[in-house]
1. For the stretch 343-355, check the following and say yes or no: at least one residue is assigned to a helix (DSSP H, G or I), polar (S, T, N, Q) and modelled with pLDDT of 95 or more.
2. Considering only residues of the stretch 302-321 that are among the small types (Gly, Ala, Ser) and part of a strand (DSSP E or B), which is surrounded by the most Cβ atoms within 10 Å (Cβ to Cβ)?
3. Any residue in the stretch 137-155 that is among the small types (Gly, Ala, Ser) and surrounded by fewer than 16 Cβ atoms within 10 Å (Cβ to Cβ)?
4. Which of the strands (runs of 3 or more DSSP E) contained wholly in the stretch 203-283 include at least 1 residues that are open to solvent by less than 40 Å² (accessible area, probe 1.4 Å) and of a type in the set (D, E, K, R)?
5. Among the residues of the stretch 327-350, is any over 22 Å from ARG185 (Cβ atoms) and aliphatic (A, V, I, L, M)?
6. Could you grab me the full set of residues in the stretch 224-246 that are out of contact with any Phe, Trp or Tyr (no Cβ under 8 Å at 6 or more places or on another chain) and closer than 15 Å to TRP277 by Cβ?
7. Look at ALA299 and say whether it is part of a loop (DSSP other than H, G, I, E, B), small (Gly, Ala, Ser) and in contact with a Leu (Cβ under 9 Å, 6 or more places away or on another chain).
8. Exactly one of these conditions fails for ASP44: (1) modelled with pLDDT under 90; (2) open to solvent by 30 Å² or more (accessible area, probe 1.4 Å). Give me its number.
Amino acid sequence: MAKDSRFAASLPTTNTLSTSSPSRYKPNLTPNPSTLRPHCLARDRLRLWVPAGRSTRQNSVYSSDVPNHEISDAQLERILEVIGSAWAQSTKETYGAGLLVFHVFCDSNNVEEDKRCPIARNLLLNFLCSCAGSYSGSALANYAAGLRAWHLLHGREWQIPPKELKAVLDGAAASAPAGSKQPKRLPFTIDSLSAIHNQLNLDAPLDAAIFACLTTTFYAVARLGEFTVGAIREYDPKKHIPRTGVSESTDRNGLPVTKFHLPSMKTSPIEGEVACWAVQEGPTNPRAALDNHFKVNPAEGKAHLFAWKHPKGLRPLSKKEFTKRLGIAAAAAKLPDLKGHGLRIGGTLEYLLRGIPFEVVKTMGRWSSDAFTIYLREHASILAPYIQASPVLEPFTRYTMPPIR
């Protein structure tokens, strides 16, 4: 019988193991040698570091006279590949870091391999509590999530009660060292964008690309990493936005909008997401910045959106290059220390201060939850119009404020 082409089709290369060489372990984070844990990149540990014993997915166990379907090694490998695609590369790196810390902890406490997975409640609680005071609360939460993902990927049972885990993580967060807590990120503003504009030479390839990226990220309420690459060799038009990812459209009233198709996102790795902005007034107009960038840095459609002419050839704009040049320009403009995430915060605040409805800003920022409302608590300037004796924005308040739950 001919093999059905609907099954075992080739998978996208989103989960391909890296061929790069891993760095050496740090002296205080070096696990004992083990065939179960080959030395590999952090993002590959979730898949390549296997628990002791045969995978439960390969066990032929009989229950109620109905046997489980036994699978081959090749089929198991495909299962690992498909499930592994559920996590973004950055998430895998974070989870991989947690796996390393966990196994170093187990090595130092002589925990046997078969006791590490499935992990017992006391072992996980002991691990997290031992790390409390040395790691941030968010780091430990990610490490616990990484261990759970590791269990899920390799077909092991996760036996940890959610409430008990939450209590330990909350306590660990309260015990986190002061140095592990990031200072609040300052938001970019139109004034700070204008000040940076005055420090850049928009006829220079790098500066033209950076200012176009800066204004697009700000007005699209996007993350900086969505419009830059982690490293120039990592550019992939299937994962990073190429120049063909830009399009124009108008609404029924003829109002123009520029759209950016981000091909692969953490929450939407296959379909991607769409960010957008409209023409603005003044020197921070993203339309003028983008047009200037395209003029100074012409490239073919598959090139990175903000690729620029380096002396050695066209280069995708890396986050490192962006941050370095932006820091120099900001310092020259005597601006405070501004970080990349401040662009998304700044764009959010700008639109909210214009009186744009909260739900609209939430949609622009592509938030699936109400997490963005943290900006309301931290920036009284947004709430000011609503808390006056005679609300400035009445009668529009009921349309712009988020619903009461």
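1. No, the stretch 343-355 contains no residue that is assigned to a helix (DSSP H, G or I), polar (S, T, N, Q) and modelled with pLDDT of 95 or more.
2. The first filter runs over the stretch 302-321 and keeps only residues among the small types (Gly, Ala, Ser), leaving 303, 307, 313, 318.
If we keep only those that are part of a strand (DSSP E or B) as well, we get 313, 318.
On the way: GLY313: 7, SER318: 19.
Residue satisfying both the conditions and the ranking: SER318.
3. So the first thing to find is which residues in the stretch 137-155 are among the small types (Gly, Ala, Ser), and the list is 137-139, 141, 144-146, 149, 155.
This time we only want the ones that are surrounded by fewer than 16 Cβ atoms within 10 Å (Cβ to Cβ), so: none.
No, that holds for no residue.
4. Values: elements: 246-250, 256-262, 273-277.
In the stretch 203-283, the matching strands (runs of 3 or more DSSP E) lie at 273-277.
5. Of the residues in the stretch 327-350, the ones over 22 Å from ARG185 (Cβ atoms) are none.
For the stretch 327-350, residues over 22 Å from ARG185 (Cβ atoms) and aliphatic (A, V, I, L, M): absent.
6. The answer is GLU226, and nothing else.
7. On the way: part of a loop (DSSP other than H, G, I, E, B): yes; small (Gly, Ala, Ser): yes; in contact with a Leu (Cβ under 9 Å, 6 or more places away or on another chain): yes.
It is true that ALA299 is part of a loop (DSSP other than H, G, I, E, B), small (Gly, Ala, Ser) and in contact with a Leu (Cβ under 9 Å, 6 or more places away or on another chain).
8. So ASP44 meets the others, but not (2).
The values are calculated or read from the model by the stated rules, or taken from the named source; none is laboratory data. Everything numeric in this text was worked out from a predicted model, so none of it was measured. We place every Cβ from the backbone using ideal geometry, glycine too, and count neighbours over all the protein chains shown. With ligands, DNA and RNA removed, areas are computed over all heavy atoms of the protein, side chains included. Shrake-Rupley method; radii C 1.70, N 1.55, O 1.52, S 1.80 Å.
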